[in-house]
1. For residue 157, all conditions in the list (1) touching a residue at least 40 places away in the same chain (Cβ under 8 Å); (2) crowded, with 18+ Cβ neighbours inside 10 Å; (3) in contact with a strand residue (DSSP E or B) (Cβ under 9 Å, 6 or more places away or on another chain); (4) assigned by TED's automatic domain parsing to the domain that holds residue 332 hold save one; what is the number of the exception?
2. Of everything in the stretch 310-357, what is assigned to a helix (DSSP H, G or I) and either in contact with a strand residue (DSSP E or B) (Cβ under 9 Å, 6 or more places away or on another chain) or closer than 24 Å to residue 194 by Cα (or both)? Give them in sequence order.
3. Could you list all residues from the stretch 63-86 that are within 15 Å of residue 10 (Cα to Cα) and surrounded by 14 or more Cβ atoms within 10 Å (Cβ to Cβ)?
4. Would you tally the residues in the stretch 240-260 being in a helix (DSSP H, G or I) and either surrounded by fewer than 21 Cβ atoms within 10 Å (Cβ to Cβ) or on the phi > 0 side of the Ramachandran plot (or both)?
5. Which one is farthest from residue 288 (Cα to Cα), of the residues in the stretch 358-396 that are within 22 Å of the chain's Cα centre (by Cα), outside any loop (DSSP other than H, G, I, E, B) and without any contact (Cβ under 8 Å) to a residue 24 or more places away in the chain?
6. Going by the structure shown, is residue 209 more than 27 Å from residue 150 (Cβ to Cβ), modelled with pLDDT under 95 and more than 21 Å from the chain's Cα centre (by Cα)?
7. How many residues does the stretch 283-309 hold that are buried (at least 19 other Cβ atoms within 10 Å of the Cβ) and either in contact with a strand residue (DSSP E or B) (Cβ under 8 Å, 6 or more places away or on another chain) or not assigned by TED's automatic domain parsing to the domain that holds residue 366 (or both)?
């Protein structure tokens, strides 16, 4: 029996003017393009749990669309999709269902809206897929697929039991970045976050030995891979990550991950990150305004309490040769029309190597979506195609819809000019050279004093 794993890759912004701007401005939507070009680690992980008696095929929807028609030589299809592509995913599921081929859907969106998804497929996986997939396959083989497979208790899968993803199913020529997960979840609970915190309430670590084994499997296919650690917040447990970074150092990798500003507090950690090949960290700064940060993190208002550390954290991280991609959200409840200038001024003052600006996006399943729905501020409650991070689908509190949409577009045009993008990168290189000269001088003084 043959299973087709189909990844709904790619996110298309709906705002035509913004798309046009993105075609001419370097750096804008770069991160989204990177995400769109990554293979689906969730599908590769399920493939790793699939017994050898099944024939497996991994396909990207972008490649399948180039064919005269979707392949139908499958006995079972597994689909996952981001919210922005979910309508397309449902169309693919309908295509196979109408031909008598059962479809199983999973992921963040369908876990949040399982009844919506069930209208288009045979089965919906609700929650983490690893503990449920073997049951799905067993039921499939006896022609008894259930409509829903729900993880009980919620979010309790142990990453010590994680399978080896089937990286060998990928076309080596298609990908220049490969994903590896070292942790799942996040200790913070940000109102807007639509990541793995929706699947698990715990912060979980994958053992160092398993991560290194996955790196070795990848290097067997790609000699010098660029690794994207698919974590929502790396380095929460510092001692664990120091062990991991020491194990990574001999591998000769280049890698990227997402973290928070606390990473700048530990010099040893920063040094290990640099020595093991870290090229860039993405940090959700969200806003330069304390009033806008207030209430974003629901447990302890953590985001607001970090604001005064931003500039120093960026400097400390980048002084190690690790670039920072600082992310900002526009349209927060504390934002007024002045926020666009404030973000621009902060980016200029901070020396950020790279910057990403997005619009506040109410993803299904998040506390933000529920709150805006209760406040009747959603413009179109089920317009999932607007969940791109670049399209506006709610009524802002501190300005009009037009002010937010126009202010965001103008900010994009100011931030991503060729001149300013080049200037940010020249400044990083100059500051790095100065930092290294200072380190060399300090080392010389220490030797002379000895």
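1. (4)
2. Selection gives 310, 313, 314, 317, 318, 339, 340, 343, 346, 347, 350.
3. 64, 79, 80, 81, 82, 83, 84, 85, 86
4. Summing the residues that are in a helix (DSSP H, G or I) and either surrounded by fewer than 21 Cβ atoms within 10 Å (Cβ to Cβ) or on the phi > 0 side of the Ramachandran plot (or both) in the stretch 240-260 gives 8.
5. 370
6. In short, no.
7. 12
One line per residue, one yes/no per condition, for (1) at pLDDT 95 or above; (2) surrounded by 11 or more Cβ atoms within 10 Å (Cβ to Cβ); (3) in the same structural domain as residue 323 (by TED's automatic domain parsing):
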| site | (1), (2), (3) |
| --- | --- |
| 389 | no, yes, yes |
| 395 | yes, yes, yes |
| 418 | no, yes, yes |
| 421 | no, yes, yes |
| 433 | no, no, yes |
| 446 | no, no, no |
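The values are calculated or read from the model by the stated rules, or taken from the named source; none is laboratory data. Source: prediction; values computed, not measured. Here Cβ is always computed from backbone atoms with ideal geometry, including for glycine, and neighbour counts include all displayed protein chains.
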